[in-house]
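Visitor: Could you have a look at this structure, given as C-alpha coordinates, before my questions?
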Amino acid sequence: FPVRPTKDQQVLLDFVKPDLDTPRTLWSTKVTNLELRRRVDQFGTGLVKIAGLVPADSNVLLLLNDGIEFLITDLALASHSIPSFTLTSMSLLSPVLDSHPPTAIITHAEFLPNLLELIYDTHEGSHHTIIVVGEPKVKIARGLGQVRIFKWNDIEREAAQLEQVQVSPTDPKQVFTVSFYSTSSGELRGTQLTHENLTAGVAATRALLPLSGAISPLDTIASSHSMSSAFGRTVAYTAVYEGTNFATFASTKLVGTDEVASQDLNDLKSVDTYPVPSPTILFVSAFHLSALTSAILDHAKRSSFLYSLAWRQKLAGILEGFTTKQSLWDRLVFDAARMGVMGKGAGTVRGVVVSRGALETQALTPSRIALSVPLVNSYIHPLVSGPVLASHPLDLQVFPAEPASAGTSATDNYAFTYLAPVGPPSINIEAKLVGVDDTAVENGSDPIGTLMLRGPSVGIVLDSEGKGVEGEKESDWVETGERAKVLSNGTFKVASVRK
(Lines give C-alpha, C1' and ligand atoms only; values in the text may rest on other atoms or scores of the structure.)
Protein backbone atom coordinates (compact mmCIF):
# COMPACT_ATOMS: atom_id res chain seq x y z
CA PHE A 1 0.00 0.00 0.00
CA PRO A 2 1.89 3.10 -1.16
CA VAL A 3 -0.69 5.37 0.62
CA ARG A 4 0.60 8.50 -1.17
CA PRO A 5 2.15 9.36 -4.57
CA THR A 6 5.49 10.23 -2.90
CA LYS A 7 6.58 10.72 0.69
CA ASP A 8 6.03 14.50 0.37
CA GLN A 9 2.24 14.32 -0.10
CA GLN A 10 0.93 14.16 3.46
CA VAL A 11 -2.07 16.54 3.24
CA LEU A 12 -4.22 18.10 0.52
CA LEU A 13 -2.16 21.27 0.04
CA ASP A 14 0.91 19.13 -0.68
CA PHE A 15 -0.69 18.20 -4.02
CA VAL A 16 -0.04 21.81 -5.11
CA LYS A 17 3.71 21.33 -5.56
CA PRO A 18 5.50 24.70 -5.20
CA ASP A 19 8.41 23.58 -7.38
CA LEU A 20 6.08 23.10 -10.37
CA ASP A 21 5.81 26.62 -11.79
CA THR A 22 4.39 25.87 -15.24
CA PRO A 23 0.97 27.48 -15.68
CA ARG A 24 -1.98 25.24 -16.51
CA THR A 25 -5.69 25.82 -17.00
CA LEU A 26 -8.16 24.62 -14.38
CA TRP A 27 -11.64 24.99 -15.85
CA SER A 28 -11.57 28.63 -17.04
CA THR A 29 -8.60 29.87 -14.98
CA LYS A 30 -4.95 29.76 -16.06
CA VAL A 31 -2.89 29.54 -12.90
CA THR A 32 0.51 28.45 -11.60
CA ASN A 33 0.92 26.45 -8.42
CA LEU A 34 2.46 29.43 -6.61
CA GLU A 35 -0.50 31.60 -7.59
CA LEU A 36 -2.93 28.87 -6.51
CA ARG A 37 -1.20 28.54 -3.14
CA ARG A 38 -1.32 32.31 -2.67
CA ARG A 39 -5.05 32.41 -3.37
CA VAL A 40 -5.65 29.48 -1.00
CA ASP A 41 -3.74 31.29 1.78
CA GLN A 42 -5.67 34.52 1.19
CA PHE A 43 -9.07 32.87 1.12
CA GLY A 44 -8.26 30.81 4.21
CA THR A 45 -7.32 34.01 6.03
CA GLY A 46 -10.58 35.59 4.89
CA LEU A 47 -12.64 32.65 6.13
CA VAL A 48 -11.12 33.01 9.60
CA LYS A 49 -10.78 36.79 9.98
CA ILE A 50 -13.71 38.05 7.89
CA ALA A 51 -16.30 35.27 7.88
CA GLY A 52 -15.48 34.36 11.48
CA LEU A 53 -14.94 30.62 11.03
CA VAL A 54 -13.04 28.89 13.80
CA PRO A 55 -10.37 26.30 12.91
CA ALA A 56 -11.07 22.82 14.29
CA ASP A 57 -14.54 23.97 15.42
CA SER A 58 -16.59 25.29 12.47
CA ASN A 59 -17.80 23.26 9.49
CA VAL A 60 -18.90 24.40 6.04
CA LEU A 61 -21.43 23.01 3.57
CA LEU A 62 -20.20 23.35 -0.03
CA LEU A 63 -23.13 23.76 -2.45
CA LEU A 64 -20.83 24.50 -5.37
CA ASN A 65 -20.48 23.36 -8.92
CA ASP A 66 -17.02 22.19 -9.95
CA GLY A 67 -14.68 25.09 -10.60
CA ILE A 68 -11.67 26.99 -9.34
CA GLU A 69 -13.75 28.40 -6.45
CA PHE A 70 -14.54 24.88 -5.23
CA LEU A 71 -10.85 23.90 -5.40
CA ILE A 72 -9.58 27.01 -3.60
CA THR A 73 -12.28 26.73 -0.94
CA ASP A 74 -11.61 23.02 -0.38
CA LEU A 75 -7.86 23.55 0.02
CA ALA A 76 -8.35 26.58 2.29
CA LEU A 77 -10.79 24.77 4.60
CA ALA A 78 -8.62 21.66 4.78
CA SER A 79 -5.51 23.74 5.53
CA HIS A 80 -7.23 25.41 8.51
CA SER A 81 -8.75 22.16 9.85
CA ILE A 82 -12.31 23.25 9.04
CA PRO A 83 -14.26 20.17 7.84
CA SER A 84 -16.46 20.54 4.78
CA PHE A 85 -19.71 18.80 3.83
CA THR A 86 -20.56 17.93 0.22
CA LEU A 87 -23.67 16.41 -1.36
CA THR A 88 -23.78 14.01 -4.28
CA SER A 89 -27.37 15.19 -4.99
CA MET A 90 -29.34 18.32 -4.14
CA SER A 91 -32.16 16.07 -2.93
CA LEU A 92 -30.02 15.49 0.18
CA LEU A 93 -29.89 19.18 1.13
CA SER A 94 -32.89 19.24 3.50
CA PRO A 95 -31.95 16.04 5.37
CA VAL A 96 -28.36 17.26 5.81
CA LEU A 97 -29.47 20.69 7.08
CA ASP A 98 -31.76 18.95 9.56
CA SER A 99 -29.27 16.40 10.86
CA HIS A 100 -25.93 18.21 10.36
CA PRO A 101 -26.52 21.98 10.49
CA PRO A 102 -23.31 23.66 9.26
CA THR A 103 -21.64 26.78 10.59
CA ALA A 104 -21.53 28.29 7.11
CA ILE A 105 -22.75 27.53 3.59
CA ILE A 106 -20.93 28.44 0.38
CA THR A 107 -23.08 28.47 -2.76
CA HIS A 108 -23.76 30.22 -6.07
CA ALA A 109 -25.69 33.48 -6.33
CA GLU A 110 -28.47 31.97 -8.44
CA PHE A 111 -29.24 29.42 -5.72
CA LEU A 112 -29.31 31.97 -2.89
CA PRO A 113 -33.11 32.64 -2.98
CA ASN A 114 -33.88 28.91 -2.77
CA LEU A 115 -31.38 28.43 0.03
CA LEU A 116 -32.75 31.35 2.08
CA GLU A 117 -36.27 30.04 1.72
CA LEU A 118 -35.18 26.62 2.93
CA ILE A 119 -33.25 28.07 5.87
CA TYR A 120 -36.17 30.23 7.04
CA ASP A 121 -38.58 27.33 6.68
CA THR A 122 -36.43 25.30 9.07
CA HIS A 123 -35.99 28.27 11.45
CA GLU A 124 -32.23 27.90 11.25
CA GLY A 125 -31.53 31.50 10.21
CA SER A 126 -29.53 32.45 13.26
CA HIS A 127 -27.08 29.61 12.71
CA HIS A 128 -25.96 30.37 9.18
CA THR A 129 -23.29 32.38 7.48
CA ILE A 130 -23.63 32.27 3.70
CA ILE A 131 -20.77 32.97 1.28
CA VAL A 132 -21.94 33.61 -2.27
CA VAL A 133 -20.00 32.95 -5.45
CA GLY A 134 -21.09 35.51 -8.05
CA GLU A 135 -23.25 38.60 -7.73
CA PRO A 136 -26.53 38.21 -5.82
CA LYS A 137 -29.44 40.43 -6.76
CA VAL A 138 -29.60 43.64 -4.73
CA LYS A 139 -33.08 42.99 -3.43
CA ILE A 140 -31.94 39.62 -2.11
CA ALA A 141 -28.77 40.94 -0.51
CA ARG A 142 -30.74 43.27 1.83
CA GLY A 143 -33.08 42.59 4.73
CA LEU A 144 -31.84 39.07 5.43
CA GLY A 145 -32.45 39.16 9.16
CA GLN A 146 -29.91 37.20 11.16
CA VAL A 147 -28.32 35.44 8.18
CA ARG A 148 -24.90 36.91 7.43
CA ILE A 149 -23.99 37.03 3.74
CA PHE A 150 -20.53 37.57 2.26
CA LYS A 151 -19.33 37.58 -1.33
CA TRP A 152 -16.66 35.03 -2.16
CA ASN A 153 -14.64 37.53 -4.19
CA ASP A 154 -14.84 40.17 -1.45
CA ILE A 155 -13.45 37.76 1.13
CA GLU A 156 -10.49 36.88 -1.09
CA ARG A 157 -9.78 40.51 -2.03
CA GLU A 158 -10.09 41.95 1.47
CA ALA A 159 -8.03 39.14 3.00
CA ALA A 160 -5.10 40.14 0.77
CA GLN A 161 -4.79 43.34 2.85
CA LEU A 162 -4.73 41.47 6.16
CA GLU A 163 -1.95 39.66 7.98
CA GLN A 164 -2.13 36.07 6.83
CA VAL A 165 -3.29 33.44 9.32
CA GLN A 166 -0.56 30.88 9.82
CA VAL A 167 -1.54 27.31 8.99
CA SER A 168 -0.86 24.86 11.80
CA PRO A 169 0.54 21.40 10.97
CA THR A 170 -2.20 18.99 9.97
CA ASP A 171 -2.38 15.30 10.86
CA PRO A 172 -2.78 13.22 7.66
CA LYS A 173 -5.35 11.10 9.50
CA GLN A 174 -7.49 14.15 10.28
CA VAL A 175 -10.96 14.19 8.68
CA PHE A 176 -11.23 17.10 6.24
CA THR A 177 -14.59 16.37 4.60
CA VAL A 178 -17.80 14.35 4.77
CA SER A 179 -19.37 13.37 1.44
CA PHE A 180 -23.10 12.64 1.82
CA TYR A 181 -24.85 10.17 -0.47
CA SER A 182 -27.98 8.04 -0.41
CA THR A 183 -28.07 4.26 -0.35
CA SER A 184 -30.12 2.16 -2.78
CA SER A 185 -32.92 2.20 -0.20
CA GLY A 186 -32.85 6.01 0.03
CA GLU A 187 -31.12 6.19 3.43
CA LEU A 188 -28.79 9.15 4.04
CA ARG A 189 -25.19 8.13 4.59
CA GLY A 190 -21.92 10.00 4.77
CA THR A 191 -18.30 9.12 4.11
CA GLN A 192 -15.68 10.70 6.34
CA LEU A 193 -12.50 11.21 4.36
CA THR A 194 -9.09 12.03 5.79
CA HIS A 195 -6.12 13.60 4.06
CA GLU A 196 -4.57 10.12 3.95
CA ASN A 197 -7.67 8.72 2.22
CA LEU A 198 -7.21 11.28 -0.57
CA THR A 199 -3.47 10.76 -0.97
CA ALA A 200 -4.10 7.01 -1.19
CA GLY A 201 -6.84 7.59 -3.77
CA VAL A 202 -4.57 9.77 -5.91
CA ALA A 203 -1.80 7.16 -5.74
CA ALA A 204 -4.26 4.53 -7.03
CA THR A 205 -5.73 6.80 -9.74
CA ARG A 206 -2.28 7.61 -11.15
CA ALA A 207 -1.65 3.88 -11.58
CA LEU A 208 -4.72 3.28 -13.77
CA LEU A 209 -2.86 4.08 -17.00
CA PRO A 210 0.27 2.20 -18.21
CA LEU A 211 3.65 3.44 -17.00
CA SER A 212 4.68 3.92 -20.63
CA GLY A 213 2.01 6.62 -20.87
CA ALA A 214 1.94 8.06 -17.35
CA ILE A 215 0.02 11.28 -16.66
CA SER A 216 2.18 14.38 -17.24
CA PRO A 217 1.79 18.20 -17.33
CA LEU A 218 1.26 17.88 -21.09
CA ASP A 219 -2.10 16.16 -20.50
CA THR A 220 -5.60 17.54 -20.19
CA ILE A 221 -7.93 15.51 -17.97
CA ALA A 222 -11.69 15.73 -18.51
CA SER A 223 -13.88 14.16 -15.83
CA SER A 224 -17.54 13.18 -15.57
CA HIS A 225 -17.27 12.84 -11.76
CA SER A 226 -18.35 15.74 -9.55
CA MET A 227 -15.89 17.02 -6.95
CA SER A 228 -18.70 16.62 -4.43
CA SER A 229 -18.15 12.84 -4.66
CA ALA A 230 -15.17 11.00 -3.20
CA PHE A 231 -13.83 9.74 -6.53
CA GLY A 232 -14.50 13.03 -8.33
CA ARG A 233 -12.39 14.86 -5.78
CA THR A 234 -9.60 12.34 -6.22
CA VAL A 235 -9.55 12.78 -10.01
CA ALA A 236 -9.37 16.56 -9.57
CA TYR A 237 -6.48 16.33 -7.10
CA THR A 238 -4.69 13.88 -9.38
CA ALA A 239 -4.80 16.59 -12.06
CA VAL A 240 -3.58 19.20 -9.55
CA TYR A 241 -0.73 16.95 -8.43
CA GLU A 242 0.39 16.11 -11.96
CA GLY A 243 0.15 19.73 -13.16
CA THR A 244 -2.27 18.91 -15.97
CA ASN A 245 -5.08 21.02 -17.41
CA PHE A 246 -8.43 19.98 -15.97
CA ALA A 247 -12.16 20.44 -16.58
CA THR A 248 -15.39 18.60 -15.79
CA PHE A 249 -18.47 17.83 -17.88
CA ALA A 250 -21.78 19.67 -17.66
CA SER A 251 -23.37 16.61 -16.01
CA THR A 252 -21.28 17.24 -12.87
CA LYS A 253 -23.21 20.46 -12.22
CA LEU A 254 -24.93 20.25 -8.84
CA VAL A 255 -26.48 23.71 -8.41
CA GLY A 256 -28.70 25.58 -10.86
CA THR A 257 -30.04 22.60 -12.80
CA ASP A 258 -33.69 21.57 -12.85
CA GLU A 259 -32.96 18.14 -14.28
CA VAL A 260 -30.07 15.73 -14.49
CA ALA A 261 -27.90 16.33 -17.56
CA SER A 262 -27.80 13.45 -20.02
CA GLN A 263 -24.51 11.58 -20.17
CA ASP A 264 -24.24 11.66 -23.96
CA LEU A 265 -22.13 13.19 -26.72
CA ASN A 266 -23.28 16.71 -25.89
CA ASP A 267 -22.07 16.17 -22.35
CA LEU A 268 -18.66 15.02 -23.63
CA LYS A 269 -18.43 18.13 -25.83
CA SER A 270 -19.35 20.44 -22.95
CA VAL A 271 -15.64 20.52 -22.04
CA ASP A 272 -15.14 22.57 -25.24
CA THR A 273 -16.76 25.54 -23.47
CA TYR A 274 -13.65 25.84 -21.26
CA PRO A 275 -10.39 27.37 -22.57
CA VAL A 276 -8.46 24.16 -21.94
CA PRO A 277 -6.49 22.23 -24.57
CA SER A 278 -8.22 19.26 -26.14
CA PRO A 279 -8.57 16.39 -23.60
CA THR A 280 -6.03 13.60 -23.61
CA ILE A 281 -7.44 11.46 -20.75
CA LEU A 282 -11.17 10.93 -20.20
CA PHE A 283 -12.79 9.78 -16.96
CA VAL A 284 -16.26 8.84 -18.19
CA SER A 285 -19.28 6.69 -17.38
CA ALA A 286 -20.43 3.63 -19.32
CA PHE A 287 -23.16 5.80 -20.86
CA HIS A 288 -20.59 8.22 -22.27
CA LEU A 289 -18.53 5.37 -23.69
CA SER A 290 -21.58 3.77 -25.32
CA ALA A 291 -22.63 7.05 -26.95
CA LEU A 292 -19.12 7.74 -28.20
CA THR A 293 -18.60 4.24 -29.58
CA SER A 294 -21.96 4.15 -31.38
CA ALA A 295 -21.43 7.57 -32.95
CA ILE A 296 -17.93 6.74 -34.26
CA LEU A 297 -18.89 3.36 -35.70
CA ASP A 298 -22.09 4.72 -37.28
CA HIS A 299 -20.08 7.54 -38.86
CA ALA A 300 -17.52 5.06 -40.19
CA LYS A 301 -20.23 2.82 -41.69
CA ARG A 302 -21.87 5.73 -43.50
CA SER A 303 -18.68 7.31 -44.79
CA SER A 304 -16.58 4.40 -46.09
CA PHE A 305 -17.28 1.29 -48.16
CA LEU A 306 -14.12 -0.20 -46.59
CA TYR A 307 -15.72 -0.32 -43.14
CA SER A 308 -16.31 -4.11 -43.04
CA LEU A 309 -12.76 -4.88 -44.12
CA ALA A 310 -11.33 -2.32 -41.71
CA TRP A 311 -13.40 -3.78 -38.86
CA ARG A 312 -12.08 -7.29 -39.52
CA GLN A 313 -8.47 -6.11 -39.62
CA LYS A 314 -8.79 -4.11 -36.41
CA LEU A 315 -10.53 -7.04 -34.73
CA ALA A 316 -7.73 -9.38 -35.77
CA GLY A 317 -5.21 -7.07 -34.08
CA ILE A 318 -7.19 -7.03 -30.84
CA LEU A 319 -7.45 -10.83 -30.87
CA GLU A 320 -3.65 -10.91 -31.18
CA GLY A 321 -3.34 -8.65 -28.15
CA PHE A 322 -2.62 -5.16 -29.48
CA THR A 323 -4.41 -2.02 -30.63
CA THR A 324 -3.14 1.09 -32.41
CA LYS A 325 -4.44 4.33 -33.95
CA GLN A 326 -1.63 4.37 -36.54
CA SER A 327 -2.72 1.53 -38.82
CA LEU A 328 -3.68 1.82 -42.50
CA TRP A 329 -7.30 1.12 -41.57
CA ASP A 330 -7.33 3.99 -39.09
CA ARG A 331 -6.07 6.37 -41.77
CA LEU A 332 -8.55 5.11 -44.37
CA VAL A 333 -11.69 4.68 -42.23
CA PHE A 334 -11.64 5.38 -38.50
CA ASP A 335 -9.62 8.61 -38.26
CA ALA A 336 -12.23 10.55 -40.25
CA ALA A 337 -15.05 9.02 -38.19
CA ARG A 338 -13.35 9.96 -34.91
CA MET A 339 -12.72 13.48 -36.20
CA GLY A 340 -16.34 13.83 -37.24
CA VAL A 341 -17.56 12.84 -33.78
CA MET A 342 -14.83 14.03 -31.37
CA GLY A 343 -13.33 16.99 -33.20
CA LYS A 344 -9.78 17.78 -32.04
CA GLY A 345 -10.10 15.11 -29.35
CA ALA A 346 -9.84 12.46 -32.05
CA GLY A 347 -6.12 13.09 -32.29
CA THR A 348 -5.39 13.87 -28.63
CA VAL A 349 -7.31 11.35 -26.49
CA ARG A 350 -4.86 8.64 -25.44
CA GLY A 351 -6.61 6.94 -22.53
CA VAL A 352 -10.15 6.34 -21.26
CA VAL A 353 -11.17 5.30 -17.72
CA VAL A 354 -14.75 4.04 -17.41
CA SER A 355 -16.48 4.14 -14.02
CA ARG A 356 -20.17 4.13 -13.10
CA GLY A 357 -22.89 2.43 -15.12
CA ALA A 358 -23.20 -1.06 -16.56
CA LEU A 359 -20.62 -1.86 -19.26
CA GLU A 360 -21.41 -5.14 -20.99
CA THR A 361 -18.67 -7.49 -22.13
CA GLN A 362 -19.89 -7.37 -25.74
CA ALA A 363 -19.36 -3.57 -25.74
CA LEU A 364 -15.65 -3.78 -24.97
CA THR A 365 -14.36 -4.82 -28.39
CA PRO A 366 -16.41 -2.25 -30.40
CA SER A 367 -15.17 0.47 -28.04
CA ARG A 368 -11.56 -0.64 -28.43
CA ILE A 369 -11.93 -0.61 -32.20
CA ALA A 370 -13.68 2.77 -32.25
CA LEU A 371 -11.22 4.54 -29.93
CA SER A 372 -8.08 2.39 -30.28
CA VAL A 373 -6.58 3.68 -27.02
CA PRO A 374 -5.99 1.99 -23.63
CA LEU A 375 -9.37 1.45 -21.99
CA VAL A 376 -9.75 0.85 -18.24
CA ASN A 377 -12.99 -0.52 -16.81
CA SER A 378 -13.18 0.31 -13.11
CA TYR A 379 -15.56 0.07 -10.18
CA ILE A 380 -15.98 2.97 -7.75
CA HIS A 381 -17.96 3.40 -4.54
CA PRO A 382 -18.99 6.44 -2.43
CA LEU A 383 -16.98 5.06 0.50
CA VAL A 384 -13.68 4.96 -1.38
CA SER A 385 -11.67 7.92 -2.64
CA GLY A 386 -9.88 6.02 -5.41
CA PRO A 387 -10.80 3.20 -7.77
CA VAL A 388 -11.86 0.04 -5.95
CA LEU A 389 -11.36 -2.45 -8.77
CA ALA A 390 -9.78 -1.72 -12.15
CA SER A 391 -8.85 -3.69 -15.26
CA HIS A 392 -5.40 -3.39 -16.82
CA PRO A 393 -5.34 -0.88 -19.70
CA LEU A 394 -3.42 -3.22 -21.99
CA ASP A 395 -5.50 -6.33 -21.25
CA LEU A 396 -7.59 -6.92 -24.39
CA GLN A 397 -8.99 -10.32 -23.43
CA VAL A 398 -12.72 -10.96 -23.84
CA PHE A 399 -14.25 -14.10 -22.35
CA PRO A 400 -17.50 -15.71 -23.49
CA ALA A 401 -20.63 -15.13 -21.40
CA GLU A 402 -21.06 -17.61 -18.61
CA PRO A 403 -24.34 -19.46 -18.06
CA ALA A 404 -26.63 -18.14 -15.34
CA SER A 405 -26.18 -19.67 -11.90
CA ALA A 406 -29.10 -21.46 -10.30
CA GLY A 407 -30.52 -19.93 -7.16
CA THR A 408 -29.24 -16.37 -7.78
CA SER A 409 -31.32 -13.25 -8.32
CA ALA A 410 -32.08 -11.76 -11.73
CA THR A 411 -29.75 -8.82 -10.96
CA ASP A 412 -26.89 -11.15 -10.09
CA ASN A 413 -27.48 -13.32 -13.14
CA TYR A 414 -27.46 -10.31 -15.47
CA ALA A 415 -24.31 -8.84 -13.92
CA PHE A 416 -22.36 -12.08 -13.67
CA THR A 417 -23.38 -13.26 -17.15
CA TYR A 418 -23.24 -10.16 -19.34
CA LEU A 419 -21.31 -7.38 -17.58
CA ALA A 420 -17.62 -6.81 -18.27
CA PRO A 421 -15.13 -7.65 -15.50
CA VAL A 422 -13.87 -4.66 -13.53
CA GLY A 423 -10.46 -6.12 -12.83
CA PRO A 424 -8.69 -7.07 -9.60
CA PRO A 425 -8.47 -4.84 -6.49
CA SER A 426 -6.76 -1.54 -7.16
CA ILE A 427 -3.73 -0.15 -5.34
CA ASN A 428 -4.42 0.60 -1.64
CA ILE A 429 -7.42 -1.75 -1.55
CA GLU A 430 -8.02 -5.17 -0.01
CA ALA A 431 -11.23 -6.92 -1.06
CA LYS A 432 -12.96 -10.09 0.09
CA LEU A 433 -16.34 -11.79 -0.27
CA VAL A 434 -18.50 -12.92 2.64
CA GLY A 435 -21.53 -15.18 2.56
CA VAL A 436 -19.98 -17.41 -0.10
CA ASP A 437 -21.53 -20.82 -0.80
CA ASP A 438 -18.58 -23.05 0.06
CA THR A 439 -20.24 -26.14 -1.38
CA ALA A 440 -20.69 -24.50 -4.79
CA VAL A 441 -17.05 -23.35 -4.79
CA GLU A 442 -15.85 -26.85 -3.93
CA ASN A 443 -17.88 -28.12 -6.90
CA GLY A 444 -16.00 -25.78 -9.26
CA SER A 445 -18.16 -22.62 -9.27
CA ASP A 446 -16.65 -19.18 -8.93
CA PRO A 447 -17.23 -17.62 -5.48
CA ILE A 448 -20.13 -15.16 -5.19
CA GLY A 449 -20.77 -13.06 -2.09
CA THR A 450 -21.08 -9.62 -0.53
CA LEU A 451 -18.13 -7.36 -1.34
CA MET A 452 -16.12 -6.12 1.67
CA LEU A 453 -13.27 -3.58 1.50
CA ARG A 454 -10.51 -2.13 3.60
CA GLY A 455 -7.40 -0.07 2.98
CA PRO A 456 -6.02 3.48 3.24
CA SER A 457 -8.36 4.87 0.57
CA VAL A 458 -11.53 3.58 2.33
CA GLY A 459 -13.36 6.20 4.43
CA ILE A 460 -15.44 5.88 7.58
CA VAL A 461 -19.16 5.25 7.10
CA LEU A 462 -21.52 7.60 8.97
CA ASP A 463 -25.23 7.08 9.49
CA SER A 464 -27.85 9.84 9.19
CA GLU A 465 -27.12 10.98 12.75
CA GLY A 466 -23.40 11.34 12.13
CA LYS A 467 -22.36 8.25 14.07
CA GLY A 468 -19.72 5.88 12.79
CA VAL A 469 -21.14 2.69 11.32
CA GLU A 470 -18.13 0.90 9.88
CA GLY A 471 -14.45 1.38 9.17
CA GLU A 472 -13.48 3.34 12.30
CA LYS A 473 -10.16 1.48 12.37
CA GLU A 474 -7.84 0.76 9.45
CA SER A 475 -8.18 -2.95 10.17
CA ASP A 476 -12.00 -2.83 9.89
CA TRP A 477 -13.69 -4.36 6.85
CA VAL A 478 -16.38 -2.12 5.34
CA GLU A 479 -19.42 -3.59 3.60
CA THR A 480 -20.28 -2.07 0.21
CA GLY A 481 -23.79 -3.52 0.16
CA GLU A 482 -23.14 -5.00 -3.28
CA ARG A 483 -22.59 -8.53 -4.48
CA ALA A 484 -19.58 -9.60 -6.49
CA LYS A 485 -18.17 -12.63 -8.24
CA VAL A 486 -14.47 -13.47 -8.48
CA LEU A 487 -13.45 -15.14 -11.74
CA SER A 488 -10.70 -17.73 -11.99
CA ASN A 489 -8.26 -15.14 -13.40
CA GLY A 490 -8.62 -12.94 -10.29
CA THR A 491 -10.89 -10.27 -11.78
CA PHE A 492 -14.23 -9.27 -10.27
CA LYS A 493 -17.73 -8.71 -11.58
CA VAL A 494 -19.99 -6.52 -9.43
CA ALA A 495 -23.79 -6.52 -9.38
CA SER A 496 -24.17 -2.87 -8.45
CA VAL A 497 -27.43 -1.79 -6.80
CA ARG A 498 -26.56 1.93 -6.89
CA LYS A 499 -27.85 4.27 -9.59
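Visitor: Looking at (1) open to solvent by 30 Å² or more (accessible area, probe 1.4 Å); (2) at negative phi; (3) outside the structural domain of GLU242 (by the TED database), which is the only condition GLY186 fails?
Guide: It is condition (2) that GLY186 fails.
Visitor: Return yes or no: is VAL48 open to solvent by less than 30 Å² (accessible area, probe 1.4 Å) and at negative phi?
Guide: So VAL48 does not fit the description; no.
Visitor: Could you please find all residues in segment 69-87 being open to solvent by 10 Å² or more (accessible area, probe 1.4 Å) and assigned to a loop (DSSP other than H, G, I, E, B)?
Guide: HIS80, SER81, PRO83
Visitor: Would segment 88-108 turn up any residue that is within 20 Å of VAL461 (Cα to Cα), within 19 Å of the chain's Cα centre (by Cα) and in a loop (DSSP other than H, G, I, E, B)?
Guide: yes
Visitor: Can you pull out the residues in segment 18-45 that are within 20 Å of THR199 (Cα to Cα), within 24 Å of the chain's Cα centre (by Cα) and open to solvent by 50 Å² or more (accessible area, probe 1.4 Å)?
Guide: Of everything in segment 18-45, just one residue is within 20 Å of THR199 (Cα to Cα), within 24 Å of the chain's Cα centre (by Cα) and open to solvent by 50 Å² or more (accessible area, probe 1.4 Å), namely ARG37.
Visitor: Could you tell me which of the residues ARG356, ARG368, ARG331, ARG312 is in a helix (DSSP H, G or I), basic (Lys, Arg) and closer than 27 Å to PHE249 by Cβ? Quick ask: steps written out before the conclusion?
Guide: Details: ARG356 fails: in a helix (DSSP H, G or I); ARG331 fails: closer than 27 Å to PHE249 by Cβ; ARG312 fails: closer than 27 Å to PHE249 by Cβ.
The conditions single out ARG368.
Visitor: In the set VAL497, VAL458, which member is among the hydrophobic types (A, V, I, L, M, F, W, C) and at pLDDT below 85?
Guide: Unique residue meeting the criteria: VAL497.
Visitor: Hand me the list of strands (runs of 3 or more DSSP E) wholly inside segment 136-234 holding 1 or more residues that are among the basic types (Lys, Arg). Write out each step before concluding.
Guide: Values: elements: 148-151, 175-182, 188-194, 220-223.
Filter on segment 136-234 gives 148-151, 188-194.
The values are calculated or read from the model by the stated rules, or taken from the named source; none is laboratory data. Because the structure is predicted, anything quoted here is derived from the model rather than measured. In this analysis, Cβ positions are derived from the backbone assuming ideal geometry, glycine residues included, and neighbour counts consider all displayed protein chains. With ligands, DNA and RNA removed, areas are computed over all heavy atoms of the protein, side chains included. Shrake-Rupley method; radii C 1.70, N 1.55, O 1.52, S 1.80 Å.
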